[in-house]
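Here is the structure we will look at.
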There are 6 protein chains.
Amino acid sequence: MQGRCRCHGSGFHLRWPGCASSHQQLVWFKRNDANVMQVPGLNTLGVSLARIDYAPGGLNPPHTHPRATETIFTLEGELFVGFITTADKLISKTIKEGEIFVFPRGLVHFQKNVGDKPASVISGFNGQLPGTQVVATSLFAASPPVPDDVLEIAFQVDAKVVDEIKANLAPKKK
Amino acid sequence: MQGRCRCHGSGFHLRWPGCASSHQQLVWFKRNDANVMQVPGLNTLGVSLARIDYAPGGLNPPHTHPRATETIFTLEGELFVGFITTADKLISKTIKEGEIFVFPRGLVHFQKNVGDKPASVISGFNGQLPGTQVVATSLFAASPPVPDDVLEIAFQVDAKVVDEIKANLAPKKK
Amino acid sequence: MQGRCRCHGSGFHLRWPGCASSHQQLVWFKRNDANVMQVPGLNTLGVSLARIDYAPGGLNPPHTHPRATETIFTLEGELFVGFITTADKLISKTIKEGEIFVFPRGLVHFQKNVGDKPASVISGFNGQLPGTQVVATSLFAASPPVPDDVLEIAFQVDAKVVDEIKANLAPKKK
Amino acid sequence: MQGRCRCHGSGFHLRWPGCASSHQQLVWFKRNDANVMQVPGLNTLGVSLARIDYAPGGLNPPHTHPRATETIFTLEGELFVGFITTADKLISKTIKEGEIFVFPRGLVHFQKNVGDKPASVISGFNGQLPGTQVVATSLFAASPPVPDDVLEIAFQVDAKVVDEIKANLAPKKK
Amino acid sequence: MQGRCRCHGSGFHLRWPGCASSHQQLVWFKRNDANVMQVPGLNTLGVSLARIDYAPGGLNPPHTHPRATETIFTLEGELFVGFITTADKLISKTIKEGEIFVFPRGLVHFQKNVGDKPASVISGFNGQLPGTQVVATSLFAASPPVPDDVLEIAFQVDAKVVDEIKANLAPKKK
Amino acid sequence: MQGRCRCHGSGFHLRWPGCASSHQQLVWFKRNDANVMQVPGLNTLGVSLARIDYAPGGLNPPHTHPRATETIFTLEGELFVGFITTADKLISKTIKEGEIFVFPRGLVHFQKNVGDKPASVISGFNGQLPGTQVVATSLFAASPPVPDDVLEIAFQVDAKVVDEIKANLAPKKK
């Protein structure tokens, strides 16, 4: 669902290679990280970047960064973006090239390319290793699995639906 | 789904009243907070407590605290508890009276009463206002709503399932 | 004076064993810790718990936690608890089951069981290793000893009283 | 020397208007900020962004951010960038589109467009108001002025040179 | 017991006036603070200074700073200084002009002039308002008073000794 | 330009030896540090001290501490001290024995002995390793060198002046 370039830098510098940008995927987006794993000089400095590219219609599905606030700058395209507060209020906006949006620390958020062309953003984080937890796969594709009854109650669905979601979100075999 | 006592303290002290503890609810659990909203003296001190009571089978559904790590102490009963890492690994355990478990900052976690008696825990947080974001309602009961297509792609379900979940999780009218 | 269980957990979980709870001691109380020494998964997470049990009349004598604020929840019994501000003002209260009290970071505080039954509390700290410094033993039972003249001037007593306190607070030989 | 757009956003969103991008200046570069002054929702969140555009040959002259580490992503062009350590070691590199570089908190750094086309970067900061102190103007164009003898000794030049630099760096009258 | 100059500065500057330095006191020392109360510009900057002068034999009695580590530089004289760890170990040294000693955050410590001339130190703190809690007066001169039985058990003395200490440490009437 | 004593302490204590105090130097001042490099016990404690001695006319040239705020106490003499804000405003004052001044984190600042006798200060920092970056040498004596054109544009001088400054500030051969 999510393609990450395995790009390794050194010291204070990183070059993101030209990752193949046109592999078809179910949820069509691609993220490149520039955190302390790729740029060792970031250690103890508490900041990192990422670049995300979206195919037309591509969704970076609802997720959280447990250890950082994120703010994005739209390089190109048109994105519908939003986060949900602890009071279940959705704060959202459609943003275009040159626009900025903020996703506060730890809150569920998403971005969707709502234009008919590719879109891309640069993300700045106030953490050298923000972490990413994708809501749907954390619950329906965890290993070992989250028990069905937990998910049935949480989402108020029956076992059949839970199994269907689990099947669809399971990591692809190779 | 979740009953909270509206209990107000002052200064450095709080008394949680005897909240009616036997109201039937879909997801049967009850949380009492002792954070800076109830105990003003906690301001700037960066710590808070909560108490959670679970009916037999009761679930505190998957949620995150965007601004704190939580550690629980089991007062009574038998709980299946777990959190999911950013690598979608479930770390879980069945714990009983006198046992402790940790939920790291920002990660999705849950507790379920798997015994046949009531269960309860005390939670300690390293934040005076940790915040709670319930995964399912944040996505399916937000206001304004998260668009259906975002949820359909994220959970790989069709519109009918999304609508069903939304209907079931909608805040109850009074 | 203070009995601690040597209980070791692993990862994110800890079970406090049934420490013998009825050993007679001069100051009758018992503390079980759940900090990073017992629960390695707490490392870098900045939170910990403890449980304290008090015999009737038992005192957790005046002490400080140099690296954390503490907040307690009363499991059972009746405790007179308090802390002293830097302006030498005592903030205190008698608390019972279900009540909460806060001891701000670094300030001298104490709890005393003023009921006729055992009492117990759960403590939450915003530090993974809060540390405990018991005022009386830090001054009168240190090794090497704090010089008598320092204590005589500080407490405005003569050498005889200092020696008496030192003798009474000295660690018991085995 | 430096043109900033006065762009005001609200809440969690900001749109940088199309600042006139072709005004000739001595040091030809332009910075747009997205910090807490433009995006109020960043308050307490500890992160911000900026965009910098450089004409061919344009220099963002040596400066520091007293309250943040900066990491830049090159949108287009070719930049010679560097920072100087507290041991007076220059860490530098020529970077192109898609490359990243880090400027640790508080250290003097600069970027120069060494290509023959415009260049631009996105900066991420781990501070909501990083501040910028331009070395040359802070010393030679301060108000009230830094005394000449301080600058003569610091740079080991005579009064004539100090006065020449002060004249050249003085804020332009309107 | 402790004489403090009431000196008020403004902005980023403070002048400590020539406090009368020869008033006889039981515990003969005098402290001048330069924290955020006297130097408003220190607000949010997290640092402060103090100067302490000691008569021959003068003691700065055992105390803690709940919100800062302290490190002292000896201006003149000869001081016996020490702090006590949470394991009741005394770390101490006799220091003279030009020597430095560290008192870690929150731990009980003291300084005593052991020479036959006045002594003085400059203290640096990593807090803009470190706070000072004098152990003996916090326990024996608090208002309202700490109950006698708490002190009797803590120090293992009888009521007569507690009352004697309380009488000696009581704030002087004017 | 700057003489530092190589003084090594251990644990929580340090003695600054009687550094030869009368070596003639271009910029006549001398700094002794008491940070975590000399006093290992300061590790994780976030505080340090320094002593600076100035000959008559001696200048501690414009510099920054990238990781700490500094506050100084004047031991003797008369100093003109100042820092420059991010708005290029000079905040300065002439201070004498017993006076205090604050240099906020990361901002360019300096001290100059404007009396006809030696002067000295004690500095307190809220960092165990504040770091020092001298503005002039960081730019004109870096290794490898900062390119001439960067300096020519930044200071608005021609190559001859840049070369002259570089020659004068170059580390002395031995």
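Under 15 Å from the Cα of B:LYS117, which aspartates and glutamates turn up, not counting those fewer than eight places away in the same chain? Answer for B:LYS117, where 15 Å is the Cα cut-off: B:ASP53, B:GLU76, B:GLU78, B:GLU97, listed by chain and number.
Relative to the longest principal Cα axis of chain D, at what angle does helix D:159-169 sit, 0 to 90 degrees, rounded to 10? The angle comes out at about 30 degrees.
Taking Lys and Arg as +1 and Asp and Glu as -1, the other residues whose beta-carbon sits under 15 Å from that of E:GLY115 total -3. Rolled with a 1.4 Å probe across the full set of protein chains, the surface gives D:LEU90 an accessible area near 10 Å². If you find the alpha carbon centre of the range E:96-169 and of the range D:97-142, how far apart are they in angstrom? Using only Cα atoms, the two centres lie 50 Å from each other.
Two numbers describe the Cα atoms of chain F: Rg and Dmax, which are 16.9, 51 Å. Solvent-accessible area of A:LYS89, all protein chains in place: 100 Å² (probe radius 1.4 Å, heavy atoms, ligands and nucleic acids excluded). Measuring spread by the Cα atoms of the range F:86-174 yields a radius of gyration and Dmax of 16.7, 45 Å. The spread of Cα positions in the range F:58-119, taken along each principal axis and listed from longest to shortest, comes to 32, 19, 15 Å.
Could you tell me whether the range F:118-157 comes out rounded, prolate or oblate from its Cα gyration tensor? Rule is a ≥ b ≥ c as square roots of the eigenvalues, rounded for a/c under 1.5, then prolate if a/b exceeds b/c, otherwise oblate. Prolate is the answer for the range F:118-157, as a/c is 1.5 or above and a/b outweighs b/c. Structural size metrics of the protein assembly as shown, computed from C-alpha coordinates, are Rg and Dmax of 31.4, 89 Å. Remark: label point of E:SER143 defined 7 Å out from Cα along the Cα-Cβ vector; separations to the same position in other copies 4.1, 5.2, 5.2, 6.4, 6.8 nm, ascending. Take the accessible area of chain D alone and of chain F alone, subtract that of the pair, and you get about 4200 Å² summed over both chains, using a 1.4 Å probe.
Taking the Cα centre of chain E as origin and assigning +1 to Lys and Arg Cβ atoms and -1 to Asp and Glu Cβ atoms, the resulting dipole is close to 600 debye.
Nearest-to-axis residue in chain B, judged by Cβ distance to the rotation axis that brings B onto F and given in whole Å, is B:GLY46, 8. Could you work out the local net charge near F:ALA141, counting Lys and Arg as +1, Asp and Glu as -1, over the other residues with Cβ closer than 9 Å to its Cβ? Its environment carries a net charge of 0. Rounded to the nearest 20, the size of the Cβ-charge dipole of the protein assembly as shown about its Cα centre is 0 debye, with Lys and Arg at +1 and Asp and Glu at -1. Amide hydrogen proximity for A:VAL47: with H placed 1.01 Å from N in the peptide plane, the residues at 5 or more positions away or on another chain lying under 5 Å are A:GLY127, A:GLN128. Remark: the range C:78-129 carries a charge dipole of roughly 120 debye about the Cα centre, counting +1 on each Lys and Arg Cβ and -1 on each Asp and Glu Cβ. Distances, shortest first, from the label point of B:ASN168 to those at the same position in the other copies read 1.5, 6.6, 7.3, 7.3, 7.9 nm; the point lies 7 Å along Cα to C-beta.
Placing a label point 7 Å from Cα along the Cα-to-Cβ direction at C:PRO56 gives distances to the equivalent points in the other copies of 3.6, 5.8, 8.2, 8.2, 9.4 nm, listed shortest first.
Using a probe of 1.4 Å on the protein chains alone, the accessible area found for E:ARG15 is around 130 Å².
The values are calculated or read from the model by the stated rules, or taken from the named source; none is laboratory data. Since the model is a prediction, treat every value here as computed from it, not as a measurement. All Cβ positions, even for glycine, are placed from backbone atoms using ideal geometry, and neighbour counts span all protein chains on display. All accessible areas refer to the heavy atoms of the entire protein, side chains included, with ligands and DNA or RNA removed. Shrake-Rupley method; radii C 1.70, N 1.55, O 1.52, S 1.80 Å.
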